[in-house]
Amino acid sequence: MRNGTDAAIIQTMNVKCELCPKQCLIRPGERGDCRIRVNIDGKLRAVTYGFPSAVHVDPIEKKPLNHFLPGSTSFSIATVGCNLHCKNCQNWGISQQNPEDGEAMPLPPERVPELAARHGCRSVSYTYTDPVVYYEYALDSCVKCHEKGLRNVLVTAGYINERPMRELYSHVDAANIDLKSMSDRFYREICSATLKPVLNCLVTAKSMGVLVEVTNLLIPELNDSDGEIASLCRWVKDNMGWETPLHFSRFFPQYRMRHLPPTPERTLKRARDIALAEGLKYIYVGNILIPGADDTPCPSCRKVVIRRVGYEIIANVLTDGRCPECGTEVYGIWN
Amino acid sequence: MELTRRRFGAVIAASLAALATGAWRLGSLAARACRTAACGAGFPGRLRRLDENEIRRPARWLG
């Protein structure tokens with residue numbers, strides 16, 4: 001009888017985390033797949049709440065966001081943990097770390113805007129790892145930052161359930177969301193995730209009025225065929241609009257994918273050409289310096305309105321968010 | 001035993017009550033088990049102070 005009672009108690013103390021599509025069922029004392037959401041005595045706890053492991057001031061172009069307050073700096077924070085386990089992760093040293101093995105700094109949400117303002121930042125970015133897993137910390141910080149007039153930025157893989165996603169994104173101004181592939185098999189085998197929730201996140205974020213830029217990391221042999229690149233560009237254009245900025249990013253051998261070479265420059269140029277041919281207007285190439293590949297053109301007359309070298313703005317001739325030559329509006333948040 | 005109209009009604013009522021109790025119990029279990037928002041908790045790793053000089057440097061992490 002006692003065993004039965006104990007079993008029943010243990011059963012009722014299981015917690016099912018409904019934050020991301022993995023919906024981990026977490027037993028008492030155990031953690032979810034993201035490493036940081038833990039069942040302590042029947043309560044779901046985020047052990048990194050208020051304890052970021054990385055706090056830095058970055059150029060906004062590093063996120064990358066090229067259509068959001070260009071030339072500004074963004075106060076960037078991250079805790080350890082991630083709900084994806086991409087074999088190619090370039091930040092695996094922080095994203096795939098257990099909290100007990102890492103270091104963190106106490107920084108409660110109410111102090112985030114104060115520190116960001118002191119460092120001259122116009123926005124706060126939740127980045128490096130995936131803010132989905134430190135959802136409550138990001139959400140509370142977003143609210144505090146908006147109260148103080150600071151903008152909020154997410155850099156994310158977009159693997160989140162719709163209800164919490166809508167709550168978080170209602171406090172977000174801009175997001176760079178990864179679209180790693182158009183193949184569900186790629187998401188399952190390389191990232192331990194699935195494609196559909198990511199597509200839903202992209203469309204929903206855009207429909208909520210968030211400025212969304214998309215990043216696609218091109219990995220040799222895995223997702224760099226002409227067909228897959230064209231299919232991704234078509235999906236972005238058809239579902240998010242031609243004005244959506246798309247960043248092709250260069251892969252470097254990292255973590256559990258050290259056997260593949262870095263993405264060749266010609267692949268990135270080819271991807272850019274395909275995207276332009278598909279009708280997208282703002283195409284960028286990251287993790288590599290290719291002259292002109294970071295410039296923002298006018299979507300109508302193609303005059304360069306923002307010239308960049310890496311993360312640095314060389315010239316910005318936008319006038320009230322419009323091309324000075326033809327007056328066409330350029331998609332973005334410029335002030 | 002003969003199944004009278006009264007006994008048949010009692011069986012049906014008992015069955016419905018049992019089903020309702022089961023459904024309520026399952027529902028309450030599910031409600032207790034599902035969470036989206038997590039409470040905070042102490043960080044289990046090492047803690048260090050915020051270093052203003054380190055904050056000013058761009059991160060070595062991508063993004």
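The values are calculated or read from the model by the stated rules, or taken from the named source; none is laboratory data. Quick caveat: nothing in here was measured; it's all calculated off a predicted structure. FYI the Cβ positions are ideal-geometry reconstructions off the backbone, even for glycines, and counts take in every protein chain you see.
Data overview
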{"quantity": "First in segment A:61-79 and away from chain B (no Cβ under 11 Å) and closer than 18 Å to residue A:322 by Cβ, second anywhere and of a type in the set (Ser, Thr, Tyr) and assigned to a loop (DSSP other than H, G, I, E, B), Cβ under 8 Å, 6 or more apart", "calculated": "A:66/A:282; A:67/A:282; A:67/A:331"}
{"quantity": "Some residue of segment A:112-134 being under 17 Å from the mean Cα position of the chain (by Cα), more than 9 Å from every other protein chain (Cβ to nearest Cβ), of a type outside the set (D, E, K, R) and assigned to a helix (DSSP H, G or I)", "calculated": "no"}
{"quantity": "Some residue of segment A:85-96 being out of contact with any strand residue (DSSP E or B) (no Cβ under 7 Å at 6 or more places or on another chain), buried (at least 18 other Cβ atoms within 10 Å of the Cβ) and outside any loop (DSSP other than H, G, I, E, B)", "calculated": "yes"}
{"quantity": "Some residue of segment A:134-148 being out of contact with any Gly (no Cβ under 9 Å at 6 or more places or on another chain), free of Cβ contacts under 8 Å to residues at least 12 places away in the same chain and surrounded by fewer than 19 Cβ atoms within 10 Å (Cβ to Cβ)", "calculated": "no"}
{"quantity": "Test: residue in segment A:100-119 that is in contact with a helix residue (DSSP H, G or I) (Cβ under 8 Å, 6 or more places away or on another chain), under 21 Å from residue B:46 (Cα atoms) and without any contact (Cβ under 8 Å) to a residue 40 or more places away in the chain", "calculated": "yes"}
{"quantity": "Selection count, segment A:317-327, where residues are exposed (fewer than 15 other Cβ atoms within 10 Å of the Cβ) and in contact with a Pro (Cβ under 8 Å, 6 or more places away or on another chain)", "calculated": "1"}
{"quantity": "Set A:260, A:246, A:199, A:280: member being modelled with pLDDT of 95 or more, over 17 Å from residue A:187 (Cα atoms), away from every other protein chain (no Cβ under 14 Å) and under 17 Å from the mean Cα position of the chain (by Cα)", "calculated": "A:246"}
{"quantity": "Among (1) within 24 Å of the chain's Cα centre (by Cα); (2) at pLDDT below 95, the one test that residue A:83 misses", "calculated": "(2)"}
{"quantity": "Residue in segment A:36-52 that is free of Cβ contacts under 8 Å to residues at least 24 places away in the same chain, within 26 Å of residue A:166 (Cα to Cα) and in contact with a strand residue (DSSP E or B) (Cβ under 9 Å, 6 or more places away or on another chain) present", "calculated": "yes"}
{"quantity": "Residue within segment A:157-164 that is in a loop (DSSP other than H, G, I, E, B), more than 10 Å from every other protein chain (Cβ to nearest Cβ), hydroxyl-bearing (Ser, Thr, Tyr) and in contact with a helix residue (DSSP H, G or I) (Cβ under 9 Å, 6 or more places away or on another chain) present", "calculated": "yes"}
{"quantity": "Residue that is more than 23 Å from residue A:158 (Cβ to Cβ) and modelled with pLDDT of 95 or more, where the choices are A:4, A:50, A:29", "calculated": "A:50"}
{"quantity": "Conditions (1) part of a loop (DSSP other than H, G, I, E, B); (2) exposed (fewer than 15 other Cβ atoms within 10 Å of the Cβ); number of the one not met by residue A:244", "calculated": "(2)"}
{"quantity": "Qualifying positions in segment A:203-237 - under 21 Å from residue A:330 (Cβ atoms) and part of a helix (DSSP H, G or I)", "calculated": "A:205, A:206, A:207, A:233, A:236, A:237"}
{"quantity": "Residue in segment A:180-193 that is closer than 25 Å to residue A:92 by Cα, surrounded by fewer than 22 Cβ atoms within 10 Å (Cβ to Cβ) and either under 16 Å from the mean Cα position of the chain (by Cα) or acidic (Asp, Glu) (or both) present", "calculated": "yes"}
